[in-house]
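Undergrad: Below is a structure I'd like to ask you about.
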Amino acid sequence: MNKEDFHIYRRRLPHWRLKGATYFVTWRIKPGSTVLVPNERSEVCNALKHFDQSRYDLFAYVIMDDHVHVIVRPFENWALENLVHSWKSFTANRLQRLNFRKGQVWQDEYFDRIIRDEDEFLEKAQYIFNNPWKHWHDINEYVWMYFNFDLLAK
């Protein structure tokens, strides 16, 4: 690892950046907000997929009723914090216009972690995959989840 490729900064949470890294990212709706209804979860899915393969490789995501988990690898010249900001601001705007939400939709901060190896990647992917069934034990399928298994072969 080259020292110039690694950077740490802090808002409320620490954020580590490593050139070419894959990240597990998660954020929540603002406390006191109503949960995301199905059409809102679909809007978040659409926003995440929009720049897949042009600004980042999107490996996996799940959109829950009150939070989002993503595994993503930004392309060179696309900072993770800018991607997360665009996802959150675009979806907040869409949800406010479509469903007449008032005020802030998402919490200001988000959590991210560099995925260090294949074992950690598989652990995070399994966590994303299991998330809906841990929350709603009796569901058969969950449409607001995505895995790009083709990227794993690269």
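The values are calculated or read from the model by the stated rules, or taken from the named source; none is laboratory data. These figures come from a predicted structure and were not determined experimentally. When we count neighbours, we look across all protein chains shown, and the Cβ atoms used for this are built from the backbone with ideal geometry, even at glycine.
Undergrad: Six or more apart or on different chains, Cβ under 7 Å: which pairs go from a residue in segment 123-142 that's at pLDDT below 85 to one that's surrounded by fewer than 15 Cβ atoms within 10 Å (Cβ to Cβ)? Could you list them?
TA: Taking only residues 6 or more apart or on different chains, the pairs are ILE139/TRP133.
Undergrad: The conditions are (1) touching a residue at least 40 places away in the same chain (Cβ under 8 Å); (2) farther than 22 Å from LEU13 by Cβ; (3) not basic (Lys, Arg), and PHE100 fails exactly one of them. Which is it?
TA: (1)
Undergrad: Take segment 1-33 and flag every residue that is aromatic (Phe, Trp, Tyr) and surrounded by fewer than 12 Cβ atoms within 10 Å (Cβ to Cβ). Before you say what the answer is, go through the steps one by one.
TA: Start the filter on segment 1-33 by keeping residues that are aromatic (Phe, Trp, Tyr), which leaves 6, 9, 16, 23-24, 27.
Matches in segment 1-33: TYR9 only.
Undergrad: To continue, here is another question. Considering segment 106-154 alone, what residues qualify as being charged (D, E, K, R), within 19 Å of ASP57 (Cβ to Cβ) and under 14 Å from the mean Cα position of the chain (by Cα)?
TA: Those that are charged (D, E, K, R), within 19 Å of ASP57 (Cβ to Cβ) and under 14 Å from the mean Cα position of the chain (by Cα): ASP112, ARG113, LYS124.
Undergrad: Shifting gears a bit: Within segment 103-128, which residues are part of a loop (DSSP other than H, G, I, E, B) and more than 15 Å from GLY20 (Cα to Cα)?
TA: Passing the criteria: GLY103, GLN104, VAL105, GLN107, ASP108, GLU109, TYR110.
Undergrad: So for segment 57-77 (the condition being assigned to a loop (DSSP other than H, G, I, E, B), among the small types (Gly, Ala, Ser) and out of contact with any Cys (no Cβ under 9 Å at 6 or more places or on another chain)), does at least one residue qualify?
TA: Scanning segment 57-77, I find no residue that is assigned to a loop (DSSP other than H, G, I, E, B), among the small types (Gly, Ala, Ser) and out of contact with any Cys (no Cβ under 9 Å at 6 or more places or on another chain), so the answer is no.
Undergrad: Next question, about the same structure. Out of LEU48, LEU36, which single residue is in contact with a strand residue (DSSP E or B) (Cβ under 6 Å, 6 or more places away or on another chain) and buried (at least 19 other Cβ atoms within 10 Å of the Cβ)?
TA: The conditions single out LEU48.
Undergrad: Which pairs have Cβ atoms under 7 Å, sit 6 or more apart or on different chains, and link a residue in segment 41-55 that is farther than 15 Å from VAL68 by Cβ to one that is assigned to a helix (DSSP H, G or I) and at pLDDT 95 or above?
TA: Cβ pairs passing all conditions: ARG55/LEU83.
Undergrad: From the residues in segment 56-98 that are charged (D, E, K, R) and over 14 Å from the mean Cα position of the chain (by Cα), which one is surrounded by the most Cβ atoms within 10 Å (Cβ to Cβ)?
TA: Taking segment 56-98 as the starting set, the residues that turn out to be charged (D, E, K, R) are 57, 65-66, 73, 76, 81, 88, 94, 97.
Next, from what is left, pick out any that are over 14 Å from the mean Cα position of the chain (by Cα): 76, 94, 97.
Numbers: GLU76: 6, ARG94: 18, ARG97: 10.
For segment 56-98, the residue satisfying everything is ARG94.
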